[in-house]
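S.K.: Would you mind keeping the following structure in view while I ask a few things?
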Amino acid sequence: MTDLSTPMPAVLAHGHDAFLFDMDGTLVNSIAVVERVWRDWAVAHGLDVEDFMRRLHGVRAIDVIRRENLPGVDAEEQAAIILQQELDDVEGIVEIGGAVDFLRQLPDDRWAIVTSAPRALAVKRMAAAGIPTPDVLICGEDVANGKPDPEGYDKAARMLGFRPENCVVFEDAPAGVEAARTLRAGVVVITETHETPLAIDEFSTPDYRGITVAVTPAGDLQLRHR
């Protein structure tokens, strides 16, 4: 139950038009694959592995590689190699706790996924975890600018027919939270795949087993904390 001694988070206190979800770390727990593939890449390129892994999540592979600015490294070529390795490895991919049941509560036209992953990888990981494919799926190749740029979330909201500031973004990574904040959308941070809490001042929950949603008589989506 919500602690009534403290103010209710705005994301719980108000109704919303639609929910927009990141994929990896938010609906799909793919941390095992990500750790295997990207750790090997970081080691091969002489990076500080632990520092690199902290900065990895929530960003398109090509943007991750470009950000490192490594001499003689072709970012597009390396991103293609990473993609193939991730496509070949689905071992250990599962849903974030309660994600599928939570999505089943939502009308089909009131939710979307916005992921930094390429479409082929997104579809394969969702299938591995049992996540249904939404009508609106924005992937890495569908935007000119990846997270933390808000382009993907803005595009998804408008494809659903809503203003982004009337939506809630579900995220696990700082880059995605920054994108949501730029749009003035509500934010729910999913923390299941993080060993230490993110330094983000937003409503957070380990997974979906502690929250539920209802459609109000006015047609709004009302998020509730069990």
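S.K.: Residue by residue through region 200-209, note down the ones that are out of contact with any helix residue (DSSP H, G or I) (no Cβ under 8 Å at 6 or more places or on another chain), of a type outside the set (Lys, Arg) and in contact (Cβ under 8 Å) with a residue 24 or more places away in the chain.
M.R.: Within region 200-209, the first condition is being out of contact with any helix residue (DSSP H, G or I) (no Cβ under 8 Å at 6 or more places or on another chain), and the residues that meet it are 201, 204-206, 209.
Filter once more, so that each one left must be of a type outside the set (Lys, Arg): 201, 204-206.
206, the sole residue that qualifies.
S.K.: Among 175, 157, which is the only one that is farther than 23 Å from residue 8 by Cα and at pLDDT below 95? Before you say what the answer is, go through the steps one by one.
M.R.: Working: 157 fails: at pLDDT below 95.
Testing whether each residue is farther than 23 Å from residue 8 by Cα and at pLDDT below 95 leaves just 175.
S.K.: Take the residues in region 50-65 that are outside any loop (DSSP other than H, G, I, E, B) and out of contact with any Lys or Arg (no Cβ under 9 Å at 6 or more places or on another chain), then tell me which one is surrounded by the most Cβ atoms within 10 Å (Cβ to Cβ).
M.R.: So the first thing to find is which residues in region 50-65 are outside any loop (DSSP other than H, G, I, E, B), and the list is 50-54, 61-65.
Applying the additional criterion that residues be out of contact with any Lys or Arg (no Cβ under 9 Å at 6 or more places or on another chain) yields 50-51, 54, 61-62, 65.
On the way: 50: 9, 51: 10, 54: 10, 61: 26, 62: 20, 65: 22.
The selected residue is 61.
S.K.: Can you name every residue in region 198-210 that is touching a strand residue (DSSP E or B) at 6+ places or on another chain (Cβ under 7 Å) and over 18 Å from residue 176 (Cβ atoms)? Give the steps one after another, and end with the answer.
M.R.: Step one: filter region 198-210 for residues touching a strand residue (DSSP E or B) at 6+ places or on another chain (Cβ under 7 Å), giving 198, 200, 202-205, 207, 210.
Residue satisfying the conditions is 210 alone.
S.K.: Same structure again: Answer yes or no: is there a residue in region 76-92 that is crowded, with 18+ Cβ neighbours inside 10 Å, of a type in the set (Gly, Ala, Ser) and touching a residue at least 24 places away in the same chain (Cβ under 8 Å).
M.R.: Keep residues of region 76-92 that are crowded, with 18+ Cβ neighbours inside 10 Å, which gives 78-79, 82-83, 86.
So of that shortlist, the ones also of a type in the set (Gly, Ala, Ser) come out as 79.
Within this subset, residues satisfying the condition of being touching a residue at least 24 places away in the same chain (Cβ under 8 Å) are none.
No, region 76-92 contains no residue that is crowded, with 18+ Cβ neighbours inside 10 Å, of a type in the set (Gly, Ala, Ser) and touching a residue at least 24 places away in the same chain (Cβ under 8 Å).
Residues are listed down the side, and each one gets a yes or a no for (1) under 13 Å from the mean Cα position of the chain (by Cα); (2) small (Gly, Ala, Ser):
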{"residue": "107", "(1), (2)": "no, no"}
{"residue": "129", "(1), (2)": "no, yes"}
{"residue": "138", "(1), (2)": "yes, no"}
{"residue": "142", "(1), (2)": "no, no"}
{"residue": "152", "(1), (2)": "yes, yes"}
{"residue": "159", "(1), (2)": "no, no"}
{"residue": "163", "(1), (2)": "no, no"}
{"residue": "168", "(1), (2)": "yes, no"}
{"residue": "173", "(1), (2)": "yes, yes"}
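The values are calculated or read from the model by the stated rules, or taken from the named source; none is laboratory data. Predicted model, so just to flag it, every value in this text is computed and none were measured. Positions of Cβ are generated from backbone atoms using ideal geometry, with glycine treated the same way; all protein chains shown enter the neighbour counts.
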